[in-house]
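Presented below is the structure to which this report refers.
The values are calculated or read from the model by the stated rules, or taken from the named source; none is laboratory data. Since the model is a prediction, treat every value here as computed from it, not as a measurement. No Cβ is skipped: glycine too gets one built from the backbone with ideal geometry, and neighbour counts run over all protein chains shown. To get the accessible areas, we keep the full protein, side chains included, count just its heavy atoms, and leave off ligands, DNA and RNA. Shrake-Rupley method; radii C 1.70, N 1.55, O 1.52, S 1.80 Å.
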Amino acid sequence: MGRWCCAGHINKRGCRNSSFNKLSNNNFGTHIVAGDLQVNASASITVLSGGTLEVSYDIVNNGTIDVKESGSLVLREKKVLGGTGDYIVERNTPTYNGNDFYSYWSSPVVSADSNIATVFPDAELIYAFEASSSNSDWVFHGTSNFEKGMGYAVQNEGIGGQLRTFTGVVNSGDISVNVYNTSNLSGSDNDGDTWSANGDNLVGNPYPAAIDWDLVITDPDNTEILGTIYLWNQATAEVGENNVSDYLQYNLTGGVTNTATGNIGTGQGFFVRAISNSSIKFKTTHQIASSNTQFYKSNQKKTLEEKKIDLGLNLQEEMKPILC
């Protein structure tokens, strides 16, 4: 095994060189910080559930780096990743109460490697939210590649519990995603509450590590984004329109019980609202170690007139957020 920096010693370049050429004993379940990292051909590193591998500088991967469910790979360097090896990022879907639930997903690997038909082989429907045009609404996406930093609604999994595996080159560096302040298709939900009128955008965590929404929304490059995120958590099945109140919300004031932290896990899609046609920027500095176990599903503030959802034009399926 190579030599590792201790957590908190990220900037000490005296222990920046780590290389691996063995197939065993490179499994980590704690927070490990390396300077430069090289993984040789036929070698592998496994980041176990709850563990974090953080690389402060350059990485050259000619082997395999496998990030297990709830593990984290934090890459601080903004340069293009080196090497021709594979990254594997695993995420479990939740267990649902019935068939035909929806989840909001994003991809932690580059678009060309997202391989949606392979990751979601049993997906019945996949939708994107078309925010760039007036009367923004859901559009059928199918198994086309996922764009980095974008969110998608996936109806699949039966009663859930499947392992979803993304393989390829992980997203890295700072990532800018276009957002729009366009009008939404007008309407009200099943209870008669009005959907939001404009500015909704479905985005997603692009990294193989959790991000902290507090860091994202306080970044001076994100001043055109309102401070609340919206997580889908439908409580009941409806015929036709769903309910505004089925969106859980988080902002800098926290949740109702002030226990929410705003940590957004790998693979999670979520809605934001833009006040202009601009962009939301996800940065390497927004990534955090660990805290990659689940999405929030309760105890967060709810208000009305904040979000539009008419998934698939009056579909009759239930929907839940992923990684509950």
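Observations on the model:
- Heavy atoms of LYS283: accessible area, 1.4 Å probe, square angstrom to 10: 40
- Multiplying the residue separation of ASN145 and SER111 by 0.36 nm and removing their Cα-Cα distance gives an extension gain of 11.7 nm.
- Where ARG76, ARG91 fall by accessible area, highest first, once all protein chains stay in place (1.4 Å): ARG76, ARG91
- With DNA, RNA and ligands ignored, accessible area of GLU124 (1.4 Å probe; Å², nearest 10): 120
- Ranking by accessible area, most exposed first, for ILE211, ILE159 with a 1.4 Å probe: ILE159, ILE211
- Cα→Cβ-extended label distance, 7 Å offset, between ASP58 and VAL80, nm: 1.4
- Cα→Cβ-extended label distance, 7 Å offset, between ASN135 and ALA197, nm: 1.8
- Per residue value of the accessible surface for the stretch 28-173 (all protein chains in place, 1.4 Å probe), Å²: 36
- Here the spin labels are modelled as points 7 Å beyond Cα on the Cα-Cβ line, and at ILE159 and ASN277 they lie 4.8 nm apart.
- Debye log10 I(q)/I(0) for the stretch 47-171, one point scatterer per Cα, at q = 0.22 Å⁻¹: -1.29
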